[in-house]
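To start, the structure itself, in structure tokens.
The values are calculated or read from the model by the stated rules, or taken from the named source; none is laboratory data. Note that the coordinates shown come from a computational prediction; the quantities given were computed from them, not determined experimentally. So basically every Cβ, Gly included, is an ideal-geometry build from the backbone, and we count neighbours across all protein chains shown.
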């Protein structure tokens, strides 16, 4: 129902400040999703539209849709990178128009080639997390080192062929944590620039106990666990590297896998 959708997206993170952060957060998501060069040529395309006075009905519809969508996202405190996707087709159109505004000849050809290669590079960067999925690297490590142990998998951590895990809700001697799950407790676009409080500032918090455990693990302050191995997704381009540094892995449902072992006592 509409009421359920509203409750899932509005005022669900206590202490969140979407009116302050969301414009910056969605700008970061757009830059990481399209690349800085494309955003720059899109801005140049918009300048061309204004200079040339292209203000027909289609242009106003175009602008109204973007403004309304931005206002809707601005007011929601459940900020997700995939919600920025609604803006990407418009940026692509403006970017193409901006490229056509570059003088003909080698300047335009050079600009088009540079944008094309950079777009290809950022697409390959995004797909690399699926081609070299960290869960499969973790699987091989678990089979070699911890097969037969009591292994607990966080949501999103399991993959085909991994050793059998303990029943849901039980704790194991080995904990395999996937970033797609633990990011809600640590570093994400939804709770930016801070470690959220358990559980009032966590979106879809499972429990206060779970939140506190993962925050202790990720900060290195869990007294009964030690990190034994980490498998990281790689971000090669500067936009993706900065995004990963601030908010975690850009691609939804991909990310780092960390293996913890409980102390033998």
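Here's a check for you: in the stretch 244-265, which residue that is over 15 Å from residue 186 (Cβ atoms) and not in a loop (DSSP other than H, G, I, E, B) is farthest from the chain's Cα centre (by Cα)?
Step by step, filter the stretch 244-265, then rank; the result is 262.
Residues 149, 230: which one is surrounded by fewer than 20 Cβ atoms within 10 Å (Cβ to Cβ), under 30 Å from residue 83 (Cβ atoms), touching a strand residue (DSSP E or B) at 6+ places or on another chain (Cβ under 6 Å) and free of Cβ contacts under 8 Å to residues at least 40 places away in the same chain? I'd like the intermediate steps shown before the answer.
Values: 149 fails: under 30 Å from residue 83 (Cβ atoms).
Of 149, 230, the one residue that is surrounded by fewer than 20 Cβ atoms within 10 Å (Cβ to Cβ), under 30 Å from residue 83 (Cβ atoms), touching a strand residue (DSSP E or B) at 6+ places or on another chain (Cβ under 6 Å) and free of Cβ contacts under 8 Å to residues at least 40 places away in the same chain is 230.
Going by the conditions given, is residue 58 at pLDDT 90 or above and assigned to a helix (DSSP H, G or I)?
No.
May I ask you to list pairs of residues, at least six apart or on different chains, whose Cβ atoms are under 7 Å apart, with the first in the stretch 124-140 being outside the structural domain of residue 228 (by TED's automatic domain parsing) and touching a residue at least 60 places away in the same chain (Cβ under 8 Å) and the second being surrounded by 17 or more Cβ atoms within 10 Å (Cβ to Cβ) and part of a helix (DSSP H, G or I)?
Partner pairs satisfying both residue conditions: 125/240.
Have a look at 214, 182 and point out the one that is in contact with a helix residue (DSSP H, G or I) (Cβ under 9 Å, 6 or more places away or on another chain), modelled with pLDDT of 90 or more, closer than 22 Å to residue 130 by Cα and not assigned by TED's automatic domain parsing to the domain that holds residue 81.
On the way: 214 fails: closer than 22 Å to residue 130 by Cα.
Among 214, 182, only 182 is in contact with a helix residue (DSSP H, G or I) (Cβ under 9 Å, 6 or more places away or on another chain), modelled with pLDDT of 90 or more, closer than 22 Å to residue 130 by Cα and not assigned by TED's automatic domain parsing to the domain that holds residue 81.
Just give me the residues in the stretch 13-42 being at pLDDT 60 or above, more than 17 Å from residue 84 (Cβ to Cβ) and in a loop (DSSP other than H, G, I, E, B), in sequence order.
13, 16, 17
Residue by residue, here is whether (1) touching a residue at least 24 places away in the same chain (Cβ under 8 Å); (2) within 19 Å of the chain's Cα centre (by Cα); (3) surrounded by 13 or more Cβ atoms within 10 Å (Cβ to Cβ) holds:
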residue: 63; (1), (2), (3): no, no, yes
residue: 71; (1), (2), (3): no, no, no
residue: 79; (1), (2), (3): yes, yes, yes
residue: 83; (1), (2), (3): yes, yes, yes
residue: 88; (1), (2), (3): yes, yes, yes
residue: 97; (1), (2), (3): yes, no, yes
residue: 101; (1), (2), (3): yes, no, yes
residue: 106; (1), (2), (3): no, no, no
residue: 117; (1), (2), (3): no, no, no
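Would it be correct to say that residue 57 is without any contact (Cβ under 8 Å) to a residue 12 or more places away in the chain, exposed (fewer than 13 other Cβ atoms within 10 Å of the Cβ) and closer than 24 Å to residue 254 by Cα?
Here the answer is no, as residue 57 does not meet what is asked.
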